[in-house]
Amino acid sequence: MPEETRPDVGNESERDPITGSSLSFPYMISAVLLMASLGWALYDEYYATRPWKDYQHRFVAVYSSWLKKNLPKQDSAEKAVKNSDTYKKLQAALDAADKAAGPDFDRINKELALLATRKSVVDDWFQSRRGELGAKVYDMENAGSQSSHDSQAAAIQKFKDEILTKTVPLENGQGEEKLSYNYDQMEKEYNRLKDRKNDLLSQQAALLRPSSEARKRRDDYMADQLVGLTRQQMQGLIDKMDHFDFDIKQINVPEGNLVDRCESCHVGTREPVVLTRRDVGPLSKDGKSGVEDGSRAFTTHPNLELLKIHNPDRFGCSPCHGGNGRATSSVEKAHGKNEHWLYPMYSPANREAGCNQCHSSDLVVRLAPTLSGGKELFRWRGCMGCHRMEGFDAEPERLFNITQQIKALETDKADAFRNASRMEKQADSMSGNAAAKMNQTAQNMRVSMSRVDSRIEELDTESKNLLQELKKVGPSLKEVRMKLRKEWIPVWIENPQHFRPGAKMPTFRLEPDEVKAISAFIWQSGVQGPMDNATGGDPAHGKDLFETRGCMACHSMGEDADKVGGYFAANLTREGEKTNINYLVRWIHNPRQRTLPYSPTLHRDITPADYQAKNMPFVFDLDHTKSPVDGHEMQVEQQTIMPNLRLNMGEVRDIAAYLMTKKRPDAETAKIYKDASYMDDPKLKAQGLKLVRNYGCAGCHEIAGMEDESRIGTELTNEGSKPIERLDFALLTRDAEDGVEVLGPNKGKDVAPWYSQKGFFERKLAEPNLFDQGKTKTHLEQLKMPNFNLDKTDIRQLTTFLLGSVDPTMPPSFFYKPADQRHDIQEGWWIIKKYNCQGCHVVEIGQHSILMDLPKYQDPDWKEQLPPMITNEGARVSPDWLVRFLKNPSLAAGHGEAENDKDGVRSYLKVRMPTFYLSDNEVRKLVRFFAAVSYQPEPYIQAKVEPLTPAEQAMARALFTSKEAPCLKCHATGVPAHDAKATAPNFLLAKERLKPGWTDRWLLNPALISPGTSMPSGLFKREGDRWVFNGQTPPSFNGYTGDHAELLVRYMFTLTPDEQRRLVGAGGGGGTR
Amino acid sequence: MDWGQLWRITSTPDNVPIVALLFLIPFYTWYGLRQAFANDKLIEELEKNPEMTKTHHRKTLPWKPGWAQEVHVWPFLLRVEFLAAIIVTVILMVWSITLNAPLEEPSNPTLTMNPSKAPWYFLGLQEMLVYFDPWMAGVVLPSLIIVGMMAIPYFDTNPLGNGYYTYKQRKFAILTFCFGFLVLWISMIVIGTFIRGPGWVWFWPGQTWDHNIVVYQPNKDLPDFFGITNAWGKAVIGLAFLGGFGAVTGGAIHKWIMSDDFSKKVYQKMSLLQYATLQFFLITMMLLPVKMILRLTLNFKYILVTPWLNL
């Protein structure tokens, strides 16, 4: 603004506020603020959003000081090893080898150096020439016309023929020479020098071999002797920390679209030492027991075995742990605990949930006991009765698929035959070649359909298998009329926990009217049939049998503190109150016996009248499974897990009599079991049917007319990745979000917010109707899930399993779906768990069976009565034999009760291997399981055993019966008088049953294979490269150079019944004890 | 009163501009009007005293004798604008450092979020969907808003008010703007942000946003109030209502314009086409508040019901 236009110049009070004022001060302030915000932005960019930098600096400090602290310790340990004689000897050998190689090694080195001077010149010369030639050849190959091609070819020839001259150092180092070469000569010289160099290098390597072998021997010795790292290795780590790269540490697995940067903060995870929390982080607030500036994030991975199987370079971190592997800006985000992140890191209690994404087909996941426990609970408590879960209870679906397949194949076959006939008719109207061709095609079509028949046959077998494998979690309710005391039913239904604390059946929240209606329905839909007469049992003997035959591997007896036995099946303390003794006898005699067979195709029970109509005897069992009505497979067994113990009728009656004594005094029970005549009211039946359907009883029980009911619950296969919005927290949503506890002792108090899958599952499992709280619903609208009375551990295990049941985020190539023998192990576990094999047997090394922990079997005499450990079964027995044994453990040829009333191998044991009536499929899976666990090759080819010469036989017999190795003292022989004291199987079984290799190893060291066995160890000692008997050998052995153990094995495998009888008769060995 | 709920809404990073808008819009409206009223007073003085008009062209207060009549854009305007630019930069930087972009869950076609809200500047449009058919609220009305604003210069025949704040000389324009922008646009954004909860249900401020809320709001069309079920009847009553609405609203607007000498003068300068266009846009604009009130008080759904279009 020009000065002269301002009339008020000089008058301060009248200065124009716009033209006369300065904005310097606001500008200064704004500029300062702008610079400050810029500074803040830079700080934010470099540090605030990159917290891992601080972690790395702290880790380097903490780890370096740890290494330096531990260096002297490792150093002195290393020195101790170095001072040992062996090490010194190895070091001397190394020095000697080095010295021996020395002069030649130096000479070759010198030659190599001289060669290199010539080679580098020739290489440059030739390679540049070759490059030029390559370009010319390319031009020629891509020439536009033949003439251009030819002229370029001529030019190339000229190029190659051109002679060039170059001064080149001599190979011996004495001066230079002038070379005049054309292209080919140059190439020849180039190749000669290359060959010469390789030759010299291989000479050098050969020269160094003795010394490098000596060095390896020395270093191996060091590694064996020294726990931890050597000084040099430690120093290497210290140097690494001194030159640490402060940057994002990232694992990238393109196959899984995986980028995990966890190790940016968890820097120490894969260090080759063991860093515990104490080593790297503060444990207590006083700072005394930890490291300053340390962090729990710095420990090495606590489970190295797990990490070894799952190499992080291949699997990353987040597929197992959850969280957001890409995030680096805060702990919260990296662990995926921020809102909306779909895969938050699993909390420590449910950590094993992460295994299930890839291990969903395993029932038993080694190294993940919590998850395995959850899966087993899910199966054992029958969750899949209401909730579909991929892999669990798959038999009904497969059965349905197979039926459909059979139908489709039969249609295909009929179509093909129709087409074939049509073609033949067409051929009739044709002539010559065409007709012949058409006829041939028609015939081929028929022939190819003959293969379909074999497929159908196979599917039929499969469906028979499946019917045999189908089991229900609860007992059949078709037989209640025969089985139960009528008044007991409503008492049980109202709350099974009242009758049997710890019962497997959950508690439904039923109203008294509902209990009545359901009882009436069940009672009236029961069938009637013949039963055995159960008079004259001896309860005392029955008790003895119950405790020794193996019943207690599954069943328990006694309540509260007195409870003894297995968890797998019912507690029988009050059995006498509920059961009809006649039915009980039939049940114990053969639990699989059915009153009427059920036809899945006709959807009804087949009655004797149906058989009569076809003039067939009313016989149905596993050998007679076809329906008389439509010829399809029927269910001929009870769908129970309980096996047949092959007891004789006397024993059965004794046990039944004993169980009938297990009840409360009549005076007490009279008050509980009230009149139940209403159960015969037909009006209640219809009402009951509705309720039974509503509560999904058919999920666990076989109920007349409800065999094909579908599951009533929601599918849980991907429950862990269900969006939180789909979980109905109902009126408790706000409490969950705000962290107000609604259950247990902390009810009403502030806890961590639980609006998460974990929070939902845990509370729902503890109180299934929790989310009905405050809702107005009619009784039938309310949540149906019954209360399973789970304890804290159960809930944790089940929650872990549910959290892990996710829609996979990784591609299928990451899943554990092995195609080799490991697959057999996966499948086998389902059978092992299904039939509770582990109740009697040790299947897995380190596992305890139920029996071995019972008080009775703590006595040394009873320990010998334990069923065998089968950790090594696949190596021990022939698979062919095992198939036979599993099908019928008595190994008897016929079906007669008397001949089956024994154990095929260990007849001396009181406990008995029952008949499980396994399907062929299950037997196959089990046999393959045992083979796979013991690393046995498939298919099995029996090893050949060399026959004995008469001399050898005499020697072996002498040893077999000698005083020092009285084999027959313990081993059974089949002679009753002798076998009364036997504690080991009959040798006659060996040939069929055992594998010679295993038998040999067993003889040498039985305690290694089966700790605690009564078979003595140390029978043989090593002498040169053979095993000889460790004691007085019979005189005939003088001069024998063979292996004594092997001789005995061959003898056992060729032992005949006659020979054994002779030996027993002669009082061979300890038979005369 | 659920303070937690209120805090959750106001503290969401997404809602920062709307919370700021709650304070900034009234402030600047007041600030602008204050200057306009002050200037009106000055204009009055200037008009009364012809002497003063010779020396003072600046129609802005405060004014003192001796102050410059005019100032140059550079440096006097630009230096203030530049200062403002710096301050806005600082605010934006601090904002971007302290609040991260509010990411939500990955999209899932089988599970849409609830409430599912448009970006804040479109919440007004989304709220309009409650009152009109999608083609009306989503296509016709937004287009009319834009076309209407483009048409303003062509029917605005008032030459006054350029370069200074004034209320008196642009009373009609200012009031129409205040109604259209503050009442119809801003308040709809505020309703969309603070009032509409899960299921787009009306929650008063401080009421808990319950995802399981159950409300009973059966909507009725105009013919339903009279029990008309015949299609022709429906169309006739709808058209009649619309015609009546147009006539009443248009008459009221006309009367209002005529009630003031200044506006009357401006009106007299307009051609018939200009005036008709103005009336069309004003009547259409009035549809929204009328429909809103009908919907919120009477659960009124459509006025005109035909098989082809509903209004």
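The values are calculated or read from the model by the stated rules, or taken from the named source; none is laboratory data. If you're wondering where the values come from, they're calculated on a predicted model, not measured in any experiment. Cβ atoms come from the backbone with ideal geometry, glycine included; neighbour counts cover every protein chain shown.
Could we say that A:Thr1033 is in a loop (DSSP other than H, G, I, E, B), out of contact with any Cys (no Cβ under 8 Å at 6 or more places or on another chain), surrounded by 17 or more Cβ atoms within 10 Å (Cβ to Cβ) and at pLDDT below 90 here? If you could, list the steps in order and put the result at the bottom.
Details: in a loop (DSSP other than H, G, I, E, B): yes; out of contact with any Cys (no Cβ under 8 Å at 6 or more places or on another chain): yes; surrounded by 17 or more Cβ atoms within 10 Å (Cβ to Cβ): yes; at pLDDT below 90: yes.
The answer is yes for A:Thr1033.
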*Answer yes or no as to whether A:Arg58 is facing chain B (nearest Cβ under 9 Å) and in contact with a Gly (Cβ under 9 Å, 6 or more places away or on another chain).*
no
*Which residue, of A:Glu668, A:Glu637, is surrounded by 13 or more Cβ atoms within 10 Å (Cβ to Cβ), under 30 Å from A:Lys516 (Cα atoms) and out of contact with any helix residue (DSSP H, G or I) (no Cβ under 6 Å at 6 or more places or on another chain)?*
A:Glu637
*asked:* Criterion first (buried (at least 16 other Cβ atoms within 10 Å of the Cβ), more than 60 Å from the chain's Cα centre (by Cα) and not small (Gly, Ala, Ser)) does A:Tyr221 satisfy it?
replied: no
*For segment B:1-37, which residues satisfy the criterion of being among the aromatic types (Phe, Trp, Tyr) and away from every other protein chain (no Cβ under 14 Å)?*
B:Phe23, B:Phe27, B:Tyr28, B:Trp30, B:Tyr31, B:Phe37
*In segment A:697-749, how many are within 14 Å of chain B (Cβ to nearest Cβ), more than 31 Å from the chain's Cα centre (by Cα), within 27 Å of A:Val806 (Cβ to Cβ) and not in a helix (DSSP H, G or I)?*
3
*State the number of residues belonging to segment B:192-219 that are loosely packed, with under 13 Cβ neighbours inside 10 Å, among the hydrophobic types (A, V, I, L, M, F, W, C) and within 13 Å of chain A (Cβ to nearest Cβ).*
1
*Give segment A:444-476 a look and list any residue that's outside any helix (DSSP H, G or I) and within 28 Å of the chain's Cα centre (by Cα), or say none.*
A:Leu470, A:Lys471, A:Lys472, A:Val473, A:Gly474
*For B:Gly250, which of the numbered conditions (1) surrounded by fewer than 15 Cβ atoms within 10 Å (Cβ to Cβ); (2) over 20 Å from B:Ile174 (Cβ atoms); (3) in contact (Cβ under 8 Å) with a residue 12 or more places away in the chain fails to hold?*
(1)
_Residues that are in contact (Cβ under 8 Å) with a residue 24 or more places away in the chain, outside the structural domain of A:Thr799 (by TED's automatic domain parsing) and crowded, with 16+ Cβ neighbours inside 10 Å: does segment A:418-431 have at least one?_
yes
*Give segment A:578-589 a look and list any residue that's within 39 Å of the chain's Cα centre (by Cα) and not aliphatic (A, V, I, L, M), or say none.*
A:Arg586, A:Trp587, A:His589
_Matching helices (runs of 4 or more DSSP H) fully within segment A:590-696 where at least 3 residues are within 43 Å of the chain's Cα centre (by Cα) and touching a residue at least 60 places away in the same chain (Cβ under 8 Å)_ = A:649-660, A:682-695
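For (1) touching a residue at least 40 places away in the same chain (Cβ under 8 Å); (2) charged (D, E, K, R), each residue gets a yes or a no:
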position: A:Asp54; (1), (2): no, yes
position: A:Trp66; (1), (2): yes, no
position: A:Asn70; (1), (2): yes, no
position: A:Glu78; (1), (2): yes, yes
position: A:Asn83; (1), (2): no, no
position: A:Tyr87; (1), (2): yes, no
position: A:Leu90; (1), (2): yes, no
position: A:Ala97; (1), (2): yes, no
*Could you pull out the residue among A:Ala93, A:Ala80, A:Ala101 that is surrounded by fewer than 17 Cβ atoms within 10 Å (Cβ to Cβ) and either in the same structural domain as A:Thr299 (by TED's automatic domain parsing) or in contact with a helix residue (DSSP H, G or I) (Cβ under 9 Å, 6 or more places away or on another chain) (or both)?*
A:Ala80
_Of the criteria (1) under 30 Å from A:Phe761 (Cβ atoms); (2) assigned to a helix (DSSP H, G or I); (3) not acidic (Asp, Glu), which one A:Gly336 fails_ = (2)
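Residue by residue, here is whether (1) among the basic types (Lys, Arg); (2) at pLDDT 90 or above; (3) farther than 21 Å from A:Cys700 by Cα holds:
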site	(1), (2), (3)
A:His555	no, yes, no
A:Gly565	no, yes, yes
A:Ser627	no, no, yes
A:Gly650	no, yes, yes
_Restricting segment A:3-31 to residues that are facing chain B (nearest Cβ under 10 Å) and not in a loop (DSSP other than H, G, I, E, B), the residue that is modelled with the lowest pLDDT_ = A:Thr5
*Which one of these does A:Gly1012 not meet: (1) surrounded by fewer than 17 Cβ atoms within 10 Å (Cβ to Cβ); (2) part of a strand (DSSP E or B); (3) not polar (S, T, N, Q)?*
(2)
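Please work out if B:Ala235 is surrounded by fewer than 15 Cβ atoms within 10 Å (Cβ to Cβ), in a helix (DSSP H, G or I) and not β-branched (Val, Ile, Thr).
Spelling it out, it is not the case that B:Ala235 is surrounded by fewer than 15 Cβ atoms within 10 Å (Cβ to Cβ), in a helix (DSSP H, G or I) and not β-branched (Val, Ile, Thr).
Condition check: outside any loop (DSSP other than H, G, I, E, B) and either touching a residue at least 12 places away in the same chain (Cβ under 8 Å) or outside the structural domain of A:Ile850 (by TED's automatic domain parsing) (or both). Does A:Phe521 satisfy that?
Numbers: outside any loop (DSSP other than H, G, I, E, B): yes; either touching a residue at least 12 places away in the same chain (Cβ under 8 Å) or outside the structural domain of A:Ile850 (by TED's automatic domain parsing) (or both): yes.
When the stated conditions are applied, A:Phe521 passes them.
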*Quick one: A:Leu891 ticks every box in (1) part of a loop (DSSP other than H, G, I, E, B); (2) aliphatic (A, V, I, L, M); (3) on the phi < 0 side of the Ramachandran plot except a single one, so which number is it?*
(3)
*asked:* Being in a loop (DSSP other than H, G, I, E, B) and farther than 23 Å from B:Tyr121 by Cα is the filter here; which residues of segment B:1-49 pass it?
replied: B:Met1, B:Asp2, B:Asn49
*So which helices (runs of 4 or more DSSP H) are wholly in segment B:65-174 and hold at least 2 residues that are in contact (Cβ under 8 Å) with a residue 12 or more places away in the chain, under 30 Å from B:Asn310 (Cα atoms) and more than 10 Å from chain A (Cβ to nearest Cβ)?*
B:123-131, B:141-155
*Please give the number of the condition A:Thr441 fails out of (1) of a type in the set (Ser, Thr, Tyr); (2) without any contact (Cβ under 8 Å) to a residue 24 or more places away in the chain; (3) within 27 Å of A:Leu459 (Cα to Cα); (4) surrounded by 12 or more Cβ atoms within 10 Å (Cβ to Cβ).*
(3)
*Could we say that A:Phe378 is in a loop (DSSP other than H, G, I, E, B) and under 27 Å from A:Phe508 (Cα atoms) here?*
no
*Identify the residue in segment B:258-278 that is among the hydrophobic types (A, V, I, L, M, F, W, C) and surrounded by 16 or more Cβ atoms within 10 Å (Cβ to Cβ) and, among all such residues, is nearest to B:Leu309 (Cα to Cα).*
B:Leu278
